[in-house]
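Encoded as structure tokens, the structure appears first; notes follow it.
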Amino acid sequence: MNTWVATTTASSAWSELSNESNSLFHSEDWMALLERSFGCSSLYFLREDHQKGAAISLFRAGPFRIGYFGFPVGGTIGSGEPAGELFEYLQTANVDHMPVAVKIPVSGFEGSAELDLPYESTAETAIVDLQSWSLDRVTKNRRRDVNRSLRSSLDLVDASDPADAVRIYELYRATLERNDGSLRYNATYFGELIQLAQRRPGLRVLLARKDDSIVAFTVVALRGSMSYYLHGAFDWAMREYLPSAMLLNEAIEWAKAQGCESFNLMSSPQGQDSLIKYKERWGAETREHRTYTLPVKSTYPLFKLAERLYRMIS
């Protein structure tokens with residue numbers, strides 16, 4: 001069995017493997033973006049044969065730190081044996097900065113093996129045969145919405161000014177408030193996305209503008225043959241223009257043109273059945289997404305207790 005090396009910065013060998021894998025969510029650029037946005041730290045794991053690796057972001061949860069594999073979509077980079085050997089290493093490694101536990105997102109659309117670990121389940125929706133997808137094959141209402149938005153006075157542009165992050169965050173926050181959602185991101189993060197999209201051709205921050213105002217945004221990213229709808233929101237006062245339909249159609253068409261095999265609309269929060277149905281009407285299907293928890297430190301039971309108490313009083 002190969003051994004693993006853990007570092008707090010990316011080694012030259014790790015960077016080479018990351019570049020070969022072309023995985024945005026394990027890249028140094030992405031890890032640095034998360035660090036600047038959320039004050040988290042990073043751990044880079046590389047197998048001794050330099051054929052497999054993973055990046056884990058460490059987020060603060062009170063006095064604890066929780067690790068996330070390739071936030072937000074998970075996975076590893078490189079080839080070779082399954083990542084199970086890395087999970088075994090994480091539980092026995094005597095490495096500084098290790099988290100109390102690691103969250104392992106596993107998509108229902110990537111054929112990943114089930115893990116013998118506790119998990120939380122959500123509904124994940126994706127267009128599975130993107131190269132055969134066309135707007136003509138989606139529901140009549142979706143076609144109508146896209147065509148109406150394209151005929152409107154909206155302009156579709158790629159964001160280029162980080163200052164637009166303030167307005168994007170406002171739209172994001174207002175959308176969550178309407179739907180009783182939880183804020184997970186901040187204006188700094190959206191500004192970082194805009195800047196990174198200037199350097200990474202596999203990332204776009206799309207805007208719908210009316211006159212000089214941003215009325216909607218969508219963030220789409222590529223990872224190998226897969227594409228992901230990361231974020232989106234619109235100005236409720238401008239809903240008659242259907243800006244989200246125009247942006248989502250552009251994101252899907254662009255991912256298809258890049259040769260992607262699937263377009264992942266990501267997981268929906270519990271109880272959001274209408275959101276799931278909306279996604280499916282774009283020609284997508286829904287499967288189970290699992291986020292496994294791998295306990296790493298002996299203090300994990302204390303973390304679980306603190307987490308349970310927090311949920312009871314929040």
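Every read-out reported here was derived from the displayed coordinates using simple, explicitly stated rules and does not represent laboratory data. The structure displayed is predicted, hence computed values, not measured ones. Here Cβ is always computed from backbone atoms with ideal geometry, including for glycine, and neighbour counts include all displayed protein chains.
Overview of values
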read-out	value
Per-residue Cβ neighbour rank within 10 angstrom, fewest leading, 256, 52, 297	297, 256, 52
Simple label model, 7 Å out from Cα along Cβ direction - residue 155 to residue 210, nm	1.5
Neighbour-count ranking [beta-carbon atoms within 10 angstrom, fewest first] of 228, 89	89, 228
Segments 122-135, 3-16 sorted - mean Cβ within 10 Å per residue, highest first	122-135, 3-16
Chain lengthening between residue 15 and residue 114 when straightened (0.36 nm per residue, less Cα-Cα)	32.8 nm
Signed unit charges on C-beta, dipole axis of the chain, positive-most listed residue 179, 207, 118	179
Fully extended contour minus Cα-Cα distance, from residue 299 to residue 186, at 0.36 nm per residue	37.7 nm
Shape of region 130-260, Cα gyration tensor, a/c cut at 1.5	oblate
Relative contact order computed over the chain (Cα-Cα under 8 Å; 6+ residues apart), in percent	23
Residue order, fewest to most beta carbons within 10 Å, for 161, 29, 212	212, 161, 29
